[in-house]
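The values are calculated or read from the model by the stated rules, or taken from the named source; none is laboratory data. For clarity, every value in this text was computed on a predicted model and none was experimentally measured. Here the Cβ positions follow ideal geometry from the backbone for every residue, glycine too, while neighbour counts run over all protein chains shown.
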Amino acid sequence: MGKHQGRNLVVALLVGILGAGLVQARGALVGSWSGDITGKCKETNLGRVCAGKGKVVIVNTSQTETSAPTTVTFYLSDSCTPQPGDLQLGAVANLKALKPGKKGKASMKATLPAGVNPEGKFIVAVIGPAEDGNTVCYGPIGID
């Protein structure tokens, strides 16, 4: 089995174990949403305001400890691939170093600007530098 085939098998197993969310992994860190993102919208005098929260579980799939800190940045996007112009919802920059096979968590809590409708959009967590391509996608978002 080639180097990348073995890693892809590990990623597939982790996705099955960790749960929902589309995972695109190119580095040592693989993430998955821990359950659903919860949220609500309310009407204000400025327009509709929506807020939500969720958590990403991150696993180090490499044979070496990751360097710290790792940043996880959250975006509201039209697709599962973050694009320039996507709304940044926040970032967690204090994810500690992870030993091989160990997990960390990054929590997102965000309030959208008045008038921004999240329906049909995606929440994308970018783990580490964007150029690494490690993303976890949640959505499309539905509003009751």
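Would you check if G133 is over 11 Å from the mean Cα position of the chain (by Cα), exposed (fewer than 13 other Cβ atoms within 10 Å of the Cβ) and small (G, A, S)? Judged against the criteria, G133 is not a match. Candidates A68, A51, A91, A106: the one that is touching a Ser or Thr at 6+ places or on another chain (Cβ under 6 Å) and under 19 Å from D132 (Cα atoms) is A91. Evaluated against (1) touching a Pro at 6+ places or on another chain (Cβ under 7 Å); (2) free of Cβ contacts under 8 Å to residues at least 40 places away in the same chain, S67 falls short on exactly one condition, (1).
Contact annotation: residue pairs with Cβ atoms under 6 Å, 6 or more positions apart or on different chains, pairing a residue in the range 77-104 that is β-branched (V, I, T) with a partner that is surrounded by 14 or more Cβ atoms within 10 Å (Cβ to Cβ), are V92/V72; V92/A106. Would you pick out the residues in the range 74-98 that are outside any strand (DSSP E or B) and surrounded by 13 or more Cβ atoms within 10 Å (Cβ to Cβ)? Within the range 74-98, D78, S79, C80, T81, P82, D86, A97, L98 meet the criteria. State which residue is modelled with the lowest pLDDT when the search covers only the range 17-76 and only residues that are among the acidic types (D, E) and more than 18 Å from the chain's Cα centre (by Cα). Per the criteria, the residue is E65.
The number of residues in the range 77-115 being β-branched (V, I, T) and at pLDDT 95 or above comes to 1. I'm told T71 meets every condition in (1) of a type in the set (S, T, Y); (2) surrounded by 13 or more Cβ atoms within 10 Å (Cβ to Cβ); (3) in a loop (DSSP other than H, G, I, E, B) except one. Can you identify the failing condition by its number? For T71, the failing item is (3).
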